[in-house]
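Engineer: Take a look at this one; I'll ask things after.
The values are calculated or read from the model by the stated rules, or taken from the named source; none is laboratory data. Just so it is clear, the model here is predicted, and its values are computed rather than measured. FYI the Cβ positions are ideal-geometry reconstructions off the backbone, even for glycines, and counts take in every protein chain you see. Each accessible area value is taken on the protein alone, full model and side chains, heavy atoms only, with ligands, DNA and RNA left out. Shrake-Rupley method; radii C 1.70, N 1.55, O 1.52, S 1.80 Å.
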Amino acid sequence: MKKLLPLLLFFITLAWSNESVTLQLPWMHQFQFAGYYIAKEKGYYSDSGLDVTILDAHNKQDPFGAVMKGKAQYGVGRSSLIVDYVNGAPLVLMAAVFQSSPMVLLSRKDSNIRTAQDLKNKRVMLTSDTIEGAEMQMMLRSVGLRSSDLRIQEHSYDPMSLARGETDAMIAYLSNEPYILQKVGVETHALHPKEYGFDFYSDILFTTKNETLQNPQRAEAFYDASMRGWLWAFDHIEETAELIYRNYNPQHKSLDALIYEGRVLKELAFRPNTSFGSIDPVRLEMIAQGYRLMGAVQAIPSFESLLYKHSVLNLSDKEKAWLKAHPVIRVGIDQNWAPVESIDEKGRYTGISASYLNLLEKRLGVHFEIDYSRRFWSDSIRAVQNKELDMLSCAAITEKRRESLVFSRSYLTQSMVVVADSHVGYVNDLNDLNGKKVAVVRSYASEDFLRSHYPKIIPVMADTSLEALQKVASGEAYACVEGLGVVSYLIERHGLKRLKVVGETPYRYELAFAFRKDWGMLASMSDKVLGSITPSEYQEIHGRWLVMERNDPINYRLAWAVVAFMVILFILIAYKNRRLDVLVRQRTDELETFNQRLQEEIEKAVEKNRKQEKLLMQQAKMAEIGSMLESIAHQWRQPLNILGLTMTRLNLSCSISGNDETAKVIEIAEAQIEYMSQTIDDFRNFFKHDRSQVSVNINLLINDVEALLGPLLMRKKIVIEREIDLDIEVLVYPNELKQVLINLINNAREAIEQHRGENRIIYIRCVNDNRYCTISVEDTGGGIPSGIIDKIFDPYFTTKFESQGTGIGLYMAKTIIEKHFLGKLSVYNTTQGACFEIRLNRSPKEGSGTLAQSSVPLPHSDRRD
């Protein structure tokens, strides 16, 4: 019996011990692999019955080789795993941590390498494995560059090679080398394959088919714990960086470098309407097409079997037991924060958060009991902290709140903006509000941010967001700080047309479920539910709140009924008091005059609000067009480039076979593809806001503008003639100046069309001296009538029908030139037509830096009949 006891203890220990698993990384420990460290250090792996060993590149093991040979069960690889799969490797891709690869070609900013074409005859450090760096090869080929066009160097893996001038460009990671070089005073420029249509996944968690078939529970547990680790790491970048700095830092990176790395990688890991880690088989096919054109694969199979099919929710026995013990959960809400969450007219809980809560309720199989008794948000959050309620359906994540609450992952983000009266100018920085009264909602995160970081701002407390906006409208507060989605909804819904967004803040609402401090298990289960939401479910939740309800029109019938009642009342008084007949008649006349003036004021106010609404709608429309073009460019770029690579291969084949006629046809097709690609670039660049002023050659800038407008001008048989010194340069925001010039040239085109003269020319001239650079746009459209020439820069002034023009284009052009560039825009008539003259300062003046944040694309404008 004594001999059996040790043996029995051995088997019991074995049964209760965690299962050993190895993860092989492709590089040395750094923030790039933070999620796996967090899953290990926070106990996510051990809670799932796993004992995980994380190996970095010090053991010189390739992740693919280590997993295939059984030395590791899981690995982290690049999109080149597609090639291995097509070549027969029994792989399963579990998750793509980075939706876009951080790999770029990095050059010094002062080298003037702005596009991939500029790399011709330059020294470039590429990795020896062309498959691993396939996106780089494809980017170079898409612009017609081959290996022979580059002076290829062996990669030193030392970013200081760029600083010392030993190379012109090198393969680098956005999250690493730019920071190192910035610290030594070297500014860099990155060429990202994504901008050329080759958007590859990176850091793909993978395993083998045998692992998923023979150990399905282990695979699911590893996947789930790893994803939880990643979400926690990105939600707590500073804390994660400190952990890596202490425990996983063989490269001896500084804490600041690790924080920088985490922030850059977070931008690459998340994509709108896409669950974290998801892999799209259609996108895999597009990537595989690129590999096929490089000759790495011969055929492209279906990728459905390559992707890991994880269960929707992998709840542990402990989690299931917890849910069974807590069938009813008391939920605190904010009754006045539409469209995020609110109580509607019928007393129902509604909004974006309500939809997420309903989804959580269905997936977990519990009942959420909404607390309607607490009217204000401050009461609800206090109740959860005191455990009178169990959770909040929506709360902004802050470090202060983490002391008393535990949060799920964020499911909604809102930028915090500054709202003020329409006459208030743009607020560049919250310090501009020092000494002023700013309305915030009591106990909101915005109050914490203002009190902590801007103590000179005088907070004015409100119980709801609507009340805060009303305090601004009444003049009780100078401005209000609140979420963009909320203020947009409330301003539209409640007719607060005198208010507008006048600035952004550096803060955002990261909104999540918040739970009692002792209910961390429910937070963990909520993360699993949020991670399981599909793009269609996401769209269904958010889509219904995108369209704002329009205000009801002014009820003129009611207004006139009130006026009529007042008139009848005075008539009755006059009838009863004949002795005051004269006085009543006088008062009646005064009342009628007052009513007439009141009606005129109302009509003026309505017209002003209508015009302001038109301006806001036009701005929103142009911003939406920019976003749409960015999306179209992203979707079209990759198939267009793959088509270009295909034509290049055909051309090479024809050259070898001597088929000259076919080669000519292919060259024509290649030229058209290049033209389409350049057109995409032109439109994307036009709608992209500039971040800083740069020195721009005016002649080259006019080339860009003419490229956009050239086809339209040709159809209208209008010619552009230039008188420009080819060497003139000026420090400007290029895209904003392009917007003004496009507006003026379109204006000139319309004038020429309406004039119907034989001479159809637009003259563009540019002269400069020591102080000013003057650009003029002159047309042959007959000139502007003297009666309106002084009004054409007025907002909303137009001589066309509303469907043809808004009357705000020239006004906004003047605003950009005079308030943002601190220059001057003027107009005068010539013998042939009108001439618009832009005068820019040769050197920047203080204040001109606001343009990059406050400018918007110019709408189409009109100036005459």
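Engineer: Scan the range 414-434 and report the pairs whose first residue is part of a strand (DSSP E or B) and whose second residue is among the aromatic types (Phe, Trp, Tyr) and open to solvent by less than 50 Å² (accessible area, probe 1.4 Å), with Cβ atoms within less than 6 Å and a gap of 6+ or a chain change.
Structural biologist: The qualifying pairs are Gln414/Tyr509; Met416/Tyr507.
One line per residue, one yes/no per condition, for (1) among the β-branched types (Val, Ile, Thr); (2) open to solvent by less than 20 Å² (accessible area, probe 1.4 Å); (3) more than 16 Å from Val76 (Cα to Cα); (4) at pLDDT 95 or above:
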| site | (1), (2), (3), (4) |
| --- | --- |
| Thr207 | yes, yes, no, yes |
| Asn215 | no, no, yes, no |
| Tyr223 | no, no, no, no |
| Met227 | no, yes, no, no |
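Engineer: Another question, then. Restricting to the range 46-68, give me the number of residues that are open to solvent by less than 20 Å² (accessible area, probe 1.4 Å) and under 17 Å from Phe222 (Cα atoms).
Structural biologist: Going through the range 46-68 one residue at a time, the tally reaches 4.
Engineer: Considering the range 128-155 alone, what residues qualify as being within 22 Å of Leu268 (Cα to Cα) and open to solvent by 20 Å² or more (accessible area, probe 1.4 Å)?
Structural biologist: Hits for the range 128-155 are Ile131, Glu132, Gln137.
Engineer: Can you name every residue in the range 46-75 that is touching an Asp or Glu at 6+ places or on another chain (Cβ under 7 Å) and assigned to a helix (DSSP H, G or I)?
Structural biologist: Result: Phe64, single match.
Engineer: Looking at (1) of a type outside the set (Val, Ile, Thr); (2) at pLDDT below 85; (3) closer than 30 Å to Ser410 by Cα, which is the one condition that is false for Ala296?
Structural biologist: (3)
Engineer: Do the conditions hold for Gly475, that is, is it surrounded by fewer than 16 Cβ atoms within 10 Å (Cβ to Cβ) and of a type outside the set (Ser, Thr, Tyr)? Reasoning before the result, please.
Structural biologist: Values: surrounded by fewer than 16 Cβ atoms within 10 Å (Cβ to Cβ): yes; of a type outside the set (Ser, Thr, Tyr): yes.
For Gly475, the condition - surrounded by fewer than 16 Cβ atoms within 10 Å (Cβ to Cβ) and of a type outside the set (Ser, Thr, Tyr) - is met.
Engineer: Among the residues that make up the range 441-455, is at least one of them at pLDDT below 85, open to solvent by 20 Å² or more (accessible area, probe 1.4 Å) and not acidic (Asp, Glu)? Step through it out loud before you land on a result.
Structural biologist: Initially, the range 441-455 is screened for residues at pLDDT below 85, giving none.
No, the conditions are met nowhere in the range 441-455.
Engineer: Mind checking which residues of the range 289-343 are open to solvent by 30 Å² or more (accessible area, probe 1.4 Å) and under 27 Å from Val441 (Cα atoms)?
Structural biologist: Arg330, Gln335, Asn336, Ile343
Engineer: What's the number of the only condition in (1) open to solvent by 30 Å² or more (accessible area, probe 1.4 Å); (2) assigned to a helix (DSSP H, G or I) that His252 fails to meet?
Structural biologist: Looking at each condition in turn, His252 falls short on (2).
Engineer: Condition test on Lys528, is it more than 20 Å from Ser446 (Cβ to Cβ), more than 23 Å from the chain's Cα centre (by Cα) and at pLDDT below 90? Let's see the steps before the verdict.
Structural biologist: Working: more than 20 Å from Ser446 (Cβ to Cβ): yes; more than 23 Å from the chain's Cα centre (by Cα): yes; at pLDDT below 90: yes.
For Lys528, the condition - more than 20 Å from Ser446 (Cβ to Cβ), more than 23 Å from the chain's Cα centre (by Cα) and at pLDDT below 90 - is met.
Engineer: Now for a separate question. Enumerate the pairs (first residue in the range 21-45 and open to solvent by less than 10 Å² (accessible area, probe 1.4 Å) and assigned to a loop (DSSP other than H, G, I, E, B); second residue anywhere and aliphatic (A, V, I, L, M) and modelled with pLDDT under 95) with beta-carbon separation below 8 Å, excluding pairs fewer than 6 apart on the same chain, so at least 6 apart or on different chains.
Structural biologist: Leu25/Ala57
Engineer: Tell me, which residue of the range 764-779 that is closer than 15 Å to Gly823 by Cα and assigned to a loop (DSSP other than H, G, I, E, B) is least open to solvent (accessible area, probe 1.4 Å)?
Structural biologist: Asp769
Engineer: Which strands (runs of 3 or more DSSP E) sit wholly inside the range 90-206 and have at least 1 residues that are more than 25 Å from Pro26 (Cβ to Cβ) and in contact (Cβ under 8 Å) with a residue 60 or more places away in the chain? Spell out the reasoning first.
Structural biologist: On the way: elements: 91-98, 103-108, 123-126, 151-154, 169-173, 188-191.
In the range 90-206, 103-108, 188-191 are the strands (runs of 3 or more DSSP E) which contain 1 or more residues that are more than 25 Å from Pro26 (Cβ to Cβ) and in contact (Cβ under 8 Å) with a residue 60 or more places away in the chain.
Engineer: While we're on this one: Quick test of your reading of the structure: Gly347 fulfils all but one of (1) crowded, with 16+ Cβ neighbours inside 10 Å; (2) modelled with pLDDT under 90; (3) farther than 28 Å from Arg271 by Cα. Name the failing condition by number.
Structural biologist: So Gly347 meets the others, but not (1).
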